[in-house]
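> Please read through the structure below; I'll follow up with questions.
The values are calculated or read from the model by the stated rules, or taken from the named source; none is laboratory data. In this text the structure is predicted, and so the values were computed from the model without any measurement. Positions of Cβ are backbone-derived with ideal geometry, glycine not excepted, and every protein chain shown enters the neighbour counts. Protein only, heavy atoms only, side chains kept; ligands, DNA and RNA dropped before computing areas. Shrake-Rupley method; radii C 1.70, N 1.55, O 1.52, S 1.80 Å.
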Amino acid sequence: MPKESFIKNRIRSVGFALRGALLLIRTEASIKVQVFIALVMTAAGFFFEISNTEWSVQILTIAVIMGAEGLNTAIEKMADYVQPEFDKKIGTIKDVSAGAVMLVSIAATIIGLIIYLPKIF
């Protein structure tokens, strides 16, 4: 079988990634909340006319949260697949994964406050 071209391989990879992102958004309540918050923050950015630097920080923050949420979901699904029954070690893995998302969310909240509090008060 001939080797697939680099370009075709990249296009196929992007297709898989888009399918995964859409699956994540359609099926996971936590990412739906994150998408809603991202839309609200994007609207706030336009309303308050934030700077290019603030936009860059906000977009990066949204991307990090959504990426962490996606990784958390993947870890949880893999853990459930590997061990469908309750297992204390699997529970710890899932807790640590969720904790990582929480830490990123706390940082994102602080970033949001740094950007928007001066514009509100």
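> Do we find that residue 49 is at pLDDT 95 or above and assigned to a helix (DSSP H, G or I) in this structure?
Working: at pLDDT 95 or above: yes; assigned to a helix (DSSP H, G or I): no.
No.
> Are any residues in the range 62-95 without any contact (Cβ under 8 Å) to a residue 40 or more places away in the chain, surrounded by fewer than 17 Cβ atoms within 10 Å (Cβ to Cβ) and under 30 Å from residue 43 (Cα atoms), and if so, which ones?
63, 67, 71, 74
> Also: Quick one: would you say residue 46 is under 17 Å from the mean Cα position of the chain (by Cα) and under 30 Å from residue 118 (Cβ atoms)? Spell out how you get there, then give the answer.
Values: under 17 Å from the mean Cα position of the chain (by Cα): no; under 30 Å from residue 118 (Cβ atoms): yes.
No.
> Being under 27 Å from residue 120 (Cβ atoms), of a type in the set (Gly, Ala, Ser) and out of contact with any strand residue (DSSP E or B) (no Cβ under 7 Å at 6 or more places or on another chain) narrows it down to one of 79, 44, 17, so name that one.
One residue alone meets the criteria, 44.
> Would you please list the contacts, defined by Cβ atoms under 8 Å and residues six or more apart or on different chains, that run from a residue in the range 12-37 that is more than 19 Å from residue 75 (Cα to Cα) to a residue that is assigned to a helix (DSSP H, G or I) and among the aliphatic types (A, V, I, L, M)?
35/25; 35/66
> I've got another one for you. What's the number of the condition residue 51 fails, among (1) among the polar types (S, T, N, Q); (2) more than 19 Å from the chain's Cα centre (by Cα); (3) within 23 Å of residue 17 (Cβ to Cβ)?
(3)
> Pairs please, first residue from the range 41-60 and under 11 Å from residue 111 (Cα atoms) and charged (D, E, K, R), second anywhere and part of a helix (DSSP H, G or I) and open to solvent by less than 50 Å² (accessible area, probe 1.4 Å), Cβ atoms under 8 Å, 6+ apart in sequence or on different chains.
Every condition considered, the pairs that remain are 54/45; 54/115.
> Given the criterion closer than 30 Å to residue 94 by Cα and of a type outside the set (A, V, I, L, M, F, W, C), identify the matching residue among 4, 76. Full working, then the answer.
On the way: 4 fails: closer than 30 Å to residue 94 by Cα.
Result: 76 is the single residue among 4, 76 that is closer than 30 Å to residue 94 by Cα and of a type outside the set (A, V, I, L, M, F, W, C).
Here's the yes/no breakdown for (1) surrounded by 11 or more Cβ atoms within 10 Å (Cβ to Cβ); (2) assigned to a helix (DSSP H, G or I); (3) hydroxyl-bearing (Ser, Thr, Tyr):
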residue: 12; (1), (2), (3): yes, yes, no
residue: 36; (1), (2), (3): no, yes, no
residue: 97; (1), (2), (3): yes, yes, yes
residue: 114; (1), (2), (3): yes, yes, no
